[in-house]
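Q: Once you've had a glance at the structure underneath, I'll fire off some questions.
Nothing in this text is a laboratory measurement; each read-out follows from the coordinates by a stated rule. All values reported here derive from a predicted model rather than from experimental measurement. Cβ placement follows ideal geometry from the backbone for every residue including glycine, while neighbour counts extend to all protein chains displayed.
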Amino acid sequence: MDDAVLELSRISKHYPGHRAVDNLSLRVPRGALFTLVGPSGCGKTTTLRLIAGFEEPTSGELLLNGSRMEHLRPYERNLSTVFQNYALFPHLTVRGNIEFGLLRRGDRQMAEPVRKVLDLLRIAGKESRYPHQLSGGERQRVALARSLVLAPEVLLLDEPLSALDPQLRKQVRAELRSIQRNVGITFLMVTHDQEEALSLSDHIAVMNGGRLEQTGAPQEIYLRPATRFVAGFLGAINWMEDIGVRPESTRVSTGPAPPEARSRRATVRSATFLGKCYHVEVSFDGGAIAVCEVPRDSHMVSPGQDVHLWWRAEDEMQFPAASQ
Amino acid sequence: MNRLRFWCLTPAGALLGGLFLIPLGIIFAYSLLTRGPYGGVFSPLTWENYSRLADPLYAAILWRSLLYAVIVTAICLMLGFPLALFIARAGRRRNLYLSLVMVPFWSSFLVRTYAWMFLLRDTGLINSALLAAGVIREPLTLLYTPFAVILGLVYGYLPFMVLPVFATLERLDKSLIEASADLGATPGATLLHVIVPLSKPGILAGSILVFISSLGAYLTPDLLGGGKTIMIGNLVQNQFTTARDWPFGAALSLILMLVVMGLLVPLQRRGSEGLL
């Protein structure tokens with residue numbers, strides 16, 4: 001994590017009556033796929049726009065390869081953005097869109113890099129189409145190609161998968177990952193989809209209310225969340241007083257729980273067949289509800305049945321009271 | 001559904017048919033007849049009114065009209081595009097600036113043209129001010145010149161350029177401008193390679209409006225040109241008034257219409273095919 005290509009140091013963006021980004025510090029390692037994740041309005045898109053240069057920070061420093069860049073205009077920063085709506089130029093062909101950045105730089109040798117990026121994104125043969133003649137997936141490839149051909153220091157991606165239909169999304173997600181590995185360019189992606197963040201990223205930064213909640217590798221953040229917010233945002237969680245347990249680590253049994261496990265008595269409210277597992281909802285005496293993902297082959301429970309809810313000590317997540 | 005569509009067309013269709021196509025037919029019929037001594041039209045049928053257009057005098061007037069219309073359109077574009085861009089980016093003040101563009105329409109075009117006469121004449125405001133300031137010794141000849149005609153036309157038709165251009169600029173997706181800057185384009189390059197190409201529909205619509213209006217103008221050349229810079233609109237007007245040559249006037253106005261159609265139909269076809 002020592003070689004940071006991009007560094008944000010105490011960056012704030014305040015609007016009248018609203019702190020979109022508040023004292024945010026981040027280090028983006030070179031060559032990583034780094035994801036900024038958080039609920040809508042958490043400041044992640046504003047952060048991306050600050051980095052791209054579309055907005056000016058109220059205070060703080062932005063460093064690219066160790067050099068300050070807050071004062072640089074967007075066209076002076078060697079970064080490139082893939083916009084949420086792709087923002088392809090409708091009056092230019094695929095080739096025209098891809099060559100746009102090279103032409104602005106005054107590059108004369110365009111044929112080779114353009115051919116390479118067309119092959120990489122499997123859009124060769126579509127060079128003379130206009131954006132309105134392309135499918136959603138193809139438009140996204142063109143948007144990626146247009147940025148990647150410039151070999152930016154960091155590629156910024158604003159919710160790159162949100163405009164695609166769900167079937168396509170998973171496929172493109174895997175492809176995005178392999179493209180990133182292939183070109184070795186640092187990707188900084190913004191998303192509100194925790195599954196997307198977990199499955200794609202080398203590093204994740206979770207934001208909430210303009211502030212950074214936690215950064216780390218996906219496993220680290222999912223298994224050892226630093227705050228209640230992070231625990232709840234990245235996946236479902238059952239709260240047993242101050243202890244949180246993920247549904248997939250929560251078990252139900254009709255007989256007594258294993259001796260080393262922690263357990264509580266509960267009553268089954270519902271059991272729903274989800275294909276790969278059962279989704280069992282139980283309630284405690286106090287009325288609180290917990291959910292468990294029960295494997296299909298385990299002993300079936302039915303609503304109204306009294307059961308033991310149990311989990312292992314190592315699956316517990318505990319948070320200091322202050323982190324609420 | 002088809003029945004409903006038919007009835008939707010009927011009122012406007014009847015109005016256009018009755019008040020446009022029939023008069024057009026009458027004009028065409030007049031253009032083939034012979035003039036009467038005090039106006040009016042008589043037989044026999046003749047093509048002579050059309051062949052008179054070969055007269056260098058009339059051809060010169062037609063050419064001058066086309067030239068003026070092109071110049072006026074070009075100046076309106078050069079003034080109107082930056083203005084439209086400014087208004088489109090004015091944020092909360094946009095509506096204020098837009099209504100300022102339209103304020104002149106609140107008063108009569110005739111009155112505003114007379115106001116220009118008062119400004120431009122030898123003893124007018126401009127010459128008096130320049131004389132008083134000692135910039136000039138003799139009054140400049142401003143009124144009754146091609147300059148005055150073009151100035152008056154630009155003044156009158158500038159809003160017809162600004163409004164359609166503004167409409168396309170306003171709809172322009174802001175992320176395209178950001179994408180352009182993001183890909184390394186300076187503001188000038190973004191203007192040239194993104195904003196101008198994407199506002200072509202507005203530029204085309206504004207140019208057509210200004211061009212047609214200027215080509216057929218007769219009030220402005222009449223008042224500010226003073227008969228020396230007569231345009232085809234004045235020529236048509238003269239035939240129906242002082243010259244009492246209705247058939248020739250009818251032929252002239254049909255020719256004017258054909259010229260406009262000949263210029264614009266290919267343009268619009270290209271526009272609808274997305275080539276512009």
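Q: Largest first, please: the extent of the C-alpha atoms of segment B:120-162 along each principal axis, to the nearest Å.
A: Sorted largest first, the three principal extents are 37, 19, 13 Å.
Q: Still on this model: Using a 10 Å cut-off on Cβ atoms, rank the peptides A:304-310, B:163-169, B:34-40 from the highest mean neighbour count down. Could the numbers behind the result be given before it?
A: Values: A:304-310: 17.4, B:163-169: 21.7, B:34-40: 12.4.
By packing density, highest mean first, the sequence is B:163-169, A:304-310, B:34-40.
Q: When the Kirkwood radius is taken over all Cα pairs of chain B, what Stokes-Einstein diffusion coefficient follows at 25 °C and 0.890 mPa s, in µm²/s? Don't jump to the answer; show the numbers that get you there.
A: Details: Rh = 21.9 Å.
Answer from the Stokes-Einstein relation: 112 µm²/s.
Q: May I ask for the percentage of alpha-carbon pairs in segment B:15-154 that lie more than 18 Å from each other? Before the final figure, lay out each step's value.
A: Values: 7458 of 9730 pairs.
When every Cα pair of segment B:15-154 is considered, 77 percent fall beyond 18 Å.
Q: Working only with C-alpha atoms, what are the Rg and Dmax values of segment A:191-316, expressed in angstrom?
A: Just the Cα atoms of segment A:191-316 yield Rg and Dmax of 15.9, 47 Å.
Q: As an exercise, take the mean of 1/r over every pair of distinct alpha carbons in segment A:136-206, invert it, and state the Kirkwood radius in angstroms. Spell out each step's value before the answer.
A: Numbers: mean 1/r = 0.0800 Å⁻¹.
Radius from the Kirkwood sum: 12.5 Å.
Q: Along the positive direction of the dipole of segment B:48-272 (beta-carbon charges: Lys, Arg +1; Asp, Glu -1; about the Cα centre), which of B:Asn95, B:Leu53, B:Trp246 reaches farthest?
A: B:Asn95
Q: Here is a follow-up. For segment B:95-110, in order, what is each residue's ³J(HN,Hα) by Karplus, 6.51 cos²θ - 1.76 cosθ + 1.60 with θ = phi - 60°, in whole Hz (x at glycine and Pro)?
A: Here the 3J(HN,Hα) series is 5, 4, 5, 4, 6, 5, 4, 8, 3, x, 5, 6, 10, 5, 4, 4 Hz.
Q: A further question on this structure: Of A:Ser40, A:Gly60, B:Val135, whose Cα points farthest to the positive end of the dipole of the protein assembly as shown (charges on the beta-carbon: +1 Lys, Arg; -1 Asp, Glu; origin at the Cα centre)?
A: Ranked along the dipole, the leading option is B:Val135.
Q: More than 15 Å apart: what percent of Cα pairs in segment A:170-255 qualify?
A: Values: 2323 of 3655 pairs.
I get 64 percent for the Cα pairs in segment A:170-255 exceeding 15 Å.
Q: What are the ³J(HN,Hα) values, in whole Hz, obtained from phi via the Karplus relation 6.51 cos²θ - 1.76 cosθ + 1.60 with θ = phi - 60°, for each residue of segment B:152-162 in sequence order, with x given for Gly and Pro?
A: Working through the residues one at a time gives x, 5, 4, 4, x, 9, 3, x, 5, 8, 4 Hz.
Q: Could you order peptides B:62-70, B:49-57 by the average number of other Cβ atoms within 10 Å of their residues, highest first?
A: Working: B:62-70: 18.1, B:49-57: 12.8.
Highest mean packing first, the order is B:62-70, B:49-57.
Q: Just name one of A:Ala163, B:Leu21, A:Gln140: the one whose Cα is farthest towards the positive end of the charge dipole of the protein assembly as shown (beta-carbon charges, Lys/Arg +1, Asp/Glu -1).
A: Positive-most Cα among the choices belongs to B:Leu21.
Q: Averaging over all projection directions, find the projected area of the Cα convex hull of segment A:4-229 and quote it in nm² with one decimal place.
A: 12.6 nm²
Q: Right, here's the next one. What whole number of Å gives the distance from the Cα centroid of segment A:141-188 to the Cα centroid of segment A:231-262?
A: 36 Å
Q: Please state the charge dipole magnitude for segment A:236-323, taken about the Cα centre, from unit charges on C-beta atoms (+1 on K and R, -1 on D and E), reported in debye and rounded to the nearest 20. Don't jump to the answer; show the numbers that get you there.
A: Values: 9 positive and 12 negative charges, 47 e Å.
With only Lys, Arg, Asp and Glu charged at Cβ, the dipole is about 220 debye.
Q: To the nearest 20 debye, what charge dipole does the protein assembly as shown have about its Cα centre, counting +1 at the Cβ of each Lys and Arg and -1 at the Cβ of each Asp and Glu? Before the final figure, lay out each step's value.
A: Details: 58 positive and 49 negative charges, 325 e Å.
For this selection, approximately 1560 debye.
Q: With a Förster radius of 60 Å, plug the Cβ-Cβ distance of A:Ser135 and A:Glu316 into 1/(1 + (r/R0)^6) and report the FRET value to the nearest 0.05.
A: Values: r = 47 Å, r/R0 = 0.78.
Efficiency for this residue pair is about 0.80.
Q: What ³J(HN,Hα) values, in whole Hz, does the Karplus curve 6.51 cos²θ - 1.76 cosθ + 1.60 give for segment A:218-234 when θ = phi - 60°, with x put for Gly and Pro?
A: x, 4, 4, 6, 6, 8, 10, x, 7, 9, 4, 4, 4, 4, x, 6, 7
Q: For A:Arg129, list long-range residues whose amide hydrogen, built 1.01 Å from N in the peptide plane, is under 5 Å from its own amide hydrogen.
A: A:Val94, A:Arg95
Q: Sequence gap at least 6, Cα distance under 8 Å: using those rules, report the relative contact order of segment B:48-272 to the nearest whole percent.
A: Values: 230 pairs, mean separation 61.7, N = 225.
Relative contact order here is 27 percent.
Q: Related question: Where does each of B:2-10, B:214-222, B:259-267 land if you order them by average Cβ count within 10 Å, highest first? Show your work: numbers first, answer last.
A: Values: B:2-10: 9.0, B:214-222: 22.4, B:259-267: 13.0.
Peptide ranking by packing, descending: B:214-222, B:259-267, B:2-10.
Q: Assuming R0 = 60 Å, what is the FRET efficiency of A:Asn85 and B:Phe42, from their Cβ-Cβ distance, to the nearest 0.05?
A: Working: r = 68 Å, r/R0 = 1.13.
After rounding, the FRET efficiency stands at 0.30.
Q: Another one. Using the Cα atoms of the protein assembly as shown, I'd like the radius of gyration and the largest Cα-Cα distance, Dmax, both in angstrom.
A: Cα radius of gyration and Dmax of the protein assembly as shown are 36.2, 123 Å respectively.
Q: Dipole magnitude of chain A about its Cα centre, charges +1 at Lys/Arg Cβ and -1 at Asp/Glu Cβ only, in debye to the nearest 20? Before the final figure, lay out each step's value.
A: Working: 39 positive and 38 negative charges, 197 e Å.
For this selection, approximately 940 debye.
Q: Over all distinct alpha-carbon pairs, what is the Kirkwood Rh of segment B:168-265 in angstrom? Intermediate results must be reported in sequence, preceding the final value.
A: Working: mean 1/r = 0.0601 Å⁻¹.
After inverting the pairwise mean of 1/r, the radius is 16.7 Å.
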